[in-house]
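The values are calculated or read from the model by the stated rules, or taken from the named source; none is laboratory data. Everything numeric here is computed off the predicted structure, so don't read it as measured data. FYI the Cβ positions are ideal-geometry reconstructions off the backbone, even for glycines, and counts take in every protein chain you see. Just the protein is used for accessible areas: all its heavy atoms, side chains included, with ligands, DNA and RNA removed. Shrake-Rupley method; radii C 1.70, N 1.55, O 1.52, S 1.80 Å.
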Amino acid sequence: MHQTTASTCCYCGVGCGVLIEHDGTRIHNVKGDPDHPANFGKLCSKGSTLHLTGDIAARGLYPELRLGKGLARARIDWDNALDHVADRFAEAIREHGPDSVAFYISGQLLTEDYYAFNKLARALVGTNNIDSNSRLCMSSAVVGYKRSLGADAPPCSYEDIELSDCLLIVGSNMAYAHPVLFRRLEEAKARRPEMRVIVVDPRRTDTCDLADLHLAIQPGSDVALFHGLMHILLWEGWVDRTFIDAHTEGFEALKALVRDYNPAMVSELCAIPVEALQQCARLIGNAPSFLSLWCMGLNQSTAGSAKNSALINLHLATGQIGRPGAGPFSLTGQPNAMGGRETGSLSNLLPGHREAGNPEHRKEVAAYWGVEQLPETPGLHAIDLFEKVRAGKIKALWIACTNPAQSVPDQRGVHEALATCPFVVVQEAFFTTETCRYADLLLPAASWGEKEGSVTNSERRVSRVRSAVPAPGEARADWSITCDFARRLEIRLHPEQPSRFDYQRPDQLFDEYKALTRGRDLDLTGLNYALIERIGPQQWPFPDGSVTGTTRLYANRVFPTANGRARFIAEHYQAPRERREARYPLTLNTGRLRDQWHGMSRTGTAAQLFGHVEEALLGLHPDDMRRRRLLEGQLVRLRSRRGSLILPVTRDDTLQPGQAFLPMHWGDRFLKGLGCNVLTLPDHDPLSKQPELKHAAIEVEQVALPWQFFALVEHDVQRRFNALRPLFEAFDYASFSLAGRDRPALIIRAAANQAPESAQLQLIDQLLGLQEGPVLAYDDVQRSIGKRVRIEENRIVSLRLAGETVARHWLKGLWQSGSADAELRRWLLAPLSAPPGKAGSACDRTLCNCMNVSQQAVASGIAAGLDLDGLKRELGCGTSCGSCVPEIKRMLARQPELA
Ligand SMILES: Nc1nc2c(c(=O)[nH]1)N[C@H]1C(S)=C(S)[C@@H](COP(=O)(O)OP(=O)(O)OC[C@H]3O[C@@H](n4cnc5c(=O)[nH]c(N)nc54)[C@H](O)[C@@H]3O)O[C@H]1N2
Ligand SMILES: Nc1nc2c(c(=O)[nH]1)N[C@H]1C(S)=C(S)[C@@H](COP(=O)(O)OP(=O)(O)OC[C@H]3O[C@@H](n4cnc5c(=O)[nH]c(N)nc54)[C@H](O)[C@@H]3O)O[C@H]1N2
Ligand code: SF4
Ligand SMILES: [Mo]
């Protein structure tokens with residue numbers, strides 16, 4: 001029977017409402033919820049393809065336990081699994097103390113899951129060793145808000161983005177990372193063209209498509225920029241003295257500090273023209289309302305806290321806060337990054353925006369939980385945590401809903417740590433991740449569409465997450481796994497006590513948790529599941545008795561500091577930790593692609609989502625390529641002080657010379673060599689402890705790997721991927737991706753110094769279905785060249801080229817077109833490796849994923865004189881989710897250049 005369940009998208013912090021269409025067992029489609037106030041029915045390319053992701057072959061179905069290092073894991077039932085792990089944790093706690101265990105959790109957990117983990121770690125185990133991937137994401141924003149404004153609360157609403165007269169988007173590529181908000185901004189700017197948009201980003205991203213002014217600053221120079229702007233605002237008298245006097249403190253110190261940041265100096269530090277700096281200050285200083293939006297370009301930095309506060313300084317100096325269209329608005333990355341902060345899921349926090357280091361706060365929470373005291377010893381933050389694990393200090397580690405063996409900087413250290421740790425539990429929805437390899441106990445978690453709870457989005461809005469279908473196999477909801485484990489640990493540690501983890505449903509956790517917010521800045525005591533059901537998602541604070549949520553904070557200009565005043569923070573600009581130098585002359589920047597999510601455990605199961613960018617490529621400025629004599633698509637070796645990685649290079653003229661860009665998504669599963677974080681550094685901000693993921697010094701050089709390999713295979717791609725991946729450890733370069741739409745295929749590219757053993761190749765052929773059946777083969781043993789194609793019903797279903805792969809684009813094209821003609825058969829049986837006729841182009845990327853329109857088709861449309869409306873009408877591109885529109889506009893704008 002056809003049913004619809006309203007829920008929330010499990011990807012980014014915009015928190016779009018989705019309508020899941022299903023039959024009670026399978027999800028068939030996902031639509032935007034027209035009634036949800038975050039998106040009013042819109043979805044981006046990721047949200048709208050949720051039903052295509054989550055291949056069951058990639059999911060975890062049963063608990064698996066390893067009985068000793070080096071052994072394989074075997075299936076085990078839940079009871080035995082949880083008893084075993086409770087034994088291990090109890091043993092470690094008894095022998096080595098509570099701080100010998102640790103929990104590393106995630107902004108993708110639901111508030112109820114988060115709360116359960118927190119109570120488990122702090123009240124039952126008695127450790128503050130509980131940190132989350134938000135350490136890599138939001139912790140600088142937490143520090144920024146708290147020290148500048150007094151509480152960790154983004155004061156704005158999405159409607160402020162539409163209402164603002166001047167928007168400063170800094171270190172955020174919202175066209176890719178918060179697409180539905182970007183759609184809302186595009187529409188608002190179309191309605192009010194006088195609205196001004198400034199983008200500050202070293203790269204010219206799709207977000208710049210909307211910019212009246214783009215400042216391509218030197219990586220990491222934001223603090224200098226903000227102080228430079230402050231200098232001009234002061235000089236020109238564009239500050240709000242009344243606001244400063246009445247509602248802030250610390251202005252004089254900042255004034256003294258920014259005196260040095262004169263336009264000439266700042267223009268040099270940031271490498272932008274003085275005029276652009278002046279123009280930026282003018283736009284901000286004269287705007288009736290001024291809003292800033294920021295994300296990882298500010299937070300992921302050794303100066304992340306300074307960047308956050310220096311930006312907030314601009315709002316305080318101009319009085320641009322607490323009014324419609326104004327305020328410092330940090331965009332949250334993960335769907336429940338906010339919930340993590342609210343429930344206290346960083347090692348230094350406690351539930352209800354409290355501090356673990358504050359004795360009063362500890363007393364309050366301990367009393368509520370009915371325990372004598374909460375632990376005093378500071379907990380480990382993510383970077384220190386993995387270091388301590390590596391040093392053997394952590395005897396049992398619990399990882400849930402995050403993939404540190406891909407996402408944490410300095411991967412060599414992280415992999416070593418995970419291999420060293422005596423007992424690693426991984427609670428995961430997809431058993432394909434890099435971290436799963438290290439699990440001694442692997443616990444299958446229910447995932448999006450299968451679980452109940454709540455999340456808070458960037459604008460403080462609490463939405464419900466609802467289950468539409470049962471979880472596959474024996475997978476269970478995270479809160480329920482956590483609480484079941486906690487009950488078993490209680491029996492071992494405190495057999496005499498009644499259980500504190502006796503929950504049957506997630507709303508019991510929510511209701512218990514919310515009382516801890518009473519009287520705090522985020523007070524959400526008035527909320528419950530039934531109310532959200534009735535009146536829809538609500539923004540906190542929402543104290544008991546409220547009838548609606550709170551759109552905007554600080555409208556009364558009273559800040560949650562001791563004296564009610566907001567604080568100016570005066571800190572000097574500090575350059576990124578790794579400067580370019582002779583051995584490492586390039587700066588590596590890392591970030592998001594439009595259609596992929598982090599380590600790709602979910603998005604990497606949908607072939608369609610590889611249409612926009614098929615494989616991991618290093619982007620370099622054309623000058624830097626020329627200087628190194630690199631050609632498009634050539635394999636290069638990237639080196640940093642910590643590691644190296646081999647992948648193809650591509651020319652990227654959105655970059656400045658001296659900068660390189662690598663998407664963050666490819667880990668060791670998709671790209672041999674531990675992924676981009678093998679290069680990044682663990683250095684972190686002194687206050688927020690957030691690592692510098694955006695700037696690492698690297699060098700790039702050609703690698704000669706003459707023996708090349710290419711394969712494509714349809715059917716059962718996840719299972720084949722799982723089986724084939726280990727066989728490619730022997731190659732120097734190996735990259736996996738998917739292609740196609742209706743008939744998805746696994747694509748493999750690899751290269752090595754010399755041909756592998758023929759037995760190795762045979763094993764690979766077997767898994768590709770090329771050892772028997774309707775297979776055409778040609779081998780030239782002398783030249784180590786071979787080609788094989790399997791043709792069924794006159795269509796290519798599998799193929800591989802070994803030794804030389806020049807024909808790969810042509811063959812992929814034939815596969816895509818679903819034909820296998822006589823020419824193919826002739827080519828197959830000839831010694832030639834080059835394709836007949838034109839080689840076919842490498843560039844068949846899909847620009848518009850919803851309507852399946854290629855870049856080629858758009859280019860032809862433009863050549864035929866179509867404008868954006870014409871392209872939409874004739875090709876259909878950009879008419880559904882709209883994620884591709886900025887790129888199409890860029891192609892249109894480049895047209896004169898191309899002509
Ligand atoms: N498609 C997609 N969307 C996502 C995610 C995803 O994986 N995929 N993940 C979600 C999550 S968890 C997060 S945290 C957000 C991240 O969202 P964003 O922060 O918007 O995304 P990033 O691409 O990481 O980085 C943003 C920009 O910072 C720029 N940058 C680098 N260094 C500097 C600098 O020194 N100064 C300035 N001003 N800019 C700099 C980069 O060039 C990049 O364009 O995205 C969320 N949305
Ligand atoms: N170089 C570089 N590195 C970065 C960044 C960068 O910009 N550059 N960005 C950083 C940022 S901002 C972030 S947020 C991190 C993200 O890094 P991770 O947290 O490692 O990213 P994900 O791949 O989203 O990991 C979430 C995991 O949870 C699993 N999962 C999904 N749903 C569920 C569920 O319901 N329950 C459970 N138990 N598991 C589930 C998924 O399969 C996935 O493996 O990466 C950081 N790393
Ligand atoms: S913008 Fe896209 S990824 Fe983010 S919540 Fe909305 S649909 Fe999901
Ligand atoms: Mo994030």
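The residue among Gly41, Thr654, Ser134 whose Cα reaches farthest toward the positive pole of the charge dipole of the chain, with charges on the beta-carbon of Lys, Arg, Asp and Glu, is Thr654. Sorting 333-340, 618-625 by average packing, meaning the other beta carbons within 10 Å per residue, from highest down gives 333-340, 618-625. The HN-Hα couplings worked out from phi for the stretch 764-769 by the Karplus form 6.51 cos²θ - 1.76 cosθ + 1.60 (θ = phi - 60°) are 5, 4, 4, 5, 8, x Hz, whole numbers, x standing for Gly and Pro. Classified by the C-alpha gyration tensor, the stretch 139-330 has a rounded form. Its axis ratio a/c, with a ≥ b ≥ c, is below 1.5. Please work out the C-alpha center-to-center distance from the stretch 780-803 to the stretch 496-567 and express it in whole Å. Value for the Cα centre distance between the two parts: 62 Å. Computed over protein heavy atoms with a 1.4 Å probe, the carbon and sulfur contribution to the accessible area of the chain reaches 50%.
Nearest 20 debye, what's the magnitude of the dipole of the chain about its Cα centre given +1 on Lys and Arg Cβ and -1 on Asp and Glu Cβ? Charge dipole, the chain, about its Cα centre: 960 debye, nearest 20.
Each residue of the stretch 519-525 is assigned a 3J(HN,Hα), and the resulting list reads x, 8, 4, 9, 2, 10, 5 Hz, derived from the Karplus form 6.51 cos²θ - 1.76 cosθ + 1.60 (θ = phi - 60°), x at Gly and Pro. The amide H of Cys848, built 1.01 Å from its N in the peptide plane, has Val853 as neighbours under 5 Å, considering only residues 5 or more places off or on other chains.
For the stretch 767-795, the residues whose backbone nitrogen is under 15 Å from a point 7 Å from the Cα of Asp821, taken along Cα to Cβ, are 795.
Judged by the mean number of other Cβ atoms found within 10 Å, the most tightly packed of the peptides 501-511, 210-220, 595-605, 189-199 leads the ranking 595-605, 210-220, 501-511, 189-199. Between Leu349 and Ala356, the built amide H atoms are under 5 Å apart, and every one of these is 5 or more places off in sequence or on another chain.
Near Ile169, the amide H atoms lying under 5 Å from its own belong to Ile198, Val199, Val200, Leu293; only residues 5 or more places off or on other chains count, and H is placed 1.01 Å from N.
Calculated FRET efficiency, Thr4 to Arg795, Cβ-Cβ distance, R0 = 30 Å: about 0.25 to the nearest 0.05. Each listed q (0.26 Å⁻¹) maps to a log10 I(q)/I(0) for the stretch 222-288, found by the Debye formula over equal Cα scatterers with no solvent: -1.16.
Overall, the anisotropy analysis places the stretch 445-603 in the oblate class: the square-rooted eigenvalues a ≥ b ≥ c of its C-alpha gyration tensor yield a/c not less than 1.5, with a/b not exceeding b/c. Just want the answer: with Cβ charges of +1 for Lys and Arg and -1 for Asp and Glu, which residue in Met296, Pro585, Gln718 is farthest toward the dipole's positive end in the chain? Among Met296, Pro585, Gln718, the one farthest towards the positive end of the dipole of the chain is Pro585. May I ask for log10 I(q)/I(0) of the chain at q = 0.06 Å⁻¹, from a Debye sum over the Cα atoms as equal point scatterers with solvent left out? Cα-only, vacuum Debye calculation for the chain: -0.40.
Taken along the Cα-to-beta-carbon direction at a fixed 7 Å, the label points for Arg75 and Ser644 span 4.4 nm.
Which shape class, rounded, prolate or oblate, goes with the stretch 586-702 when its Cα gyration tensor gives a ≥ b ≥ c as root eigenvalues, a/c under 1.5 marks rounded, and past that a/b bigger than b/c marks prolate?
oblate
Farthest toward the positive end of the dipole of the stretch 1-73, out of Leu61, Tyr11, Ala72, is the Cα of Ala72, where the dipole comes from beta carbon charges about the Cα centre. One Cα centroid belongs to the stretch 337-356, the other to the stretch 577-635; the line between them spans 34 Å. Computed over neighbours whose Cβ is under 14 Å from that of Val101, the net charge equals +1, Lys and Arg +1, Asp and Glu -1.
Quick one: putting +1 on the C-beta of Lys and Arg, -1 on the C-beta of Asp and Glu, what dipole do you get for the stretch 750-856 around its Cα centre, in Debye to the nearest 20?
280
Centre-to-centre separation between the Cα atoms of the stretch 17-61 and those of the stretch 713-758: 28 Å. Suppose R0 equals 35 Å. What FRET efficiency, 1/(1 + (r/R0)^6) with r the Cβ-Cβ distance, do Met265 and Asp653 give to the nearest 0.05? Rounded to the nearest 0.05, the efficiency is 0.75. For the stretch 718-808, the dipole from Cβ point charges (+1 on Lys and Arg, -1 on Asp and Glu) about the Cα centre works out to 360 debye, to the nearest 20.
Heavy-atom accessible surface of the stretch 586-665, averaged per residue, reaches 30 Å², computed with a 1.4 Å probe.
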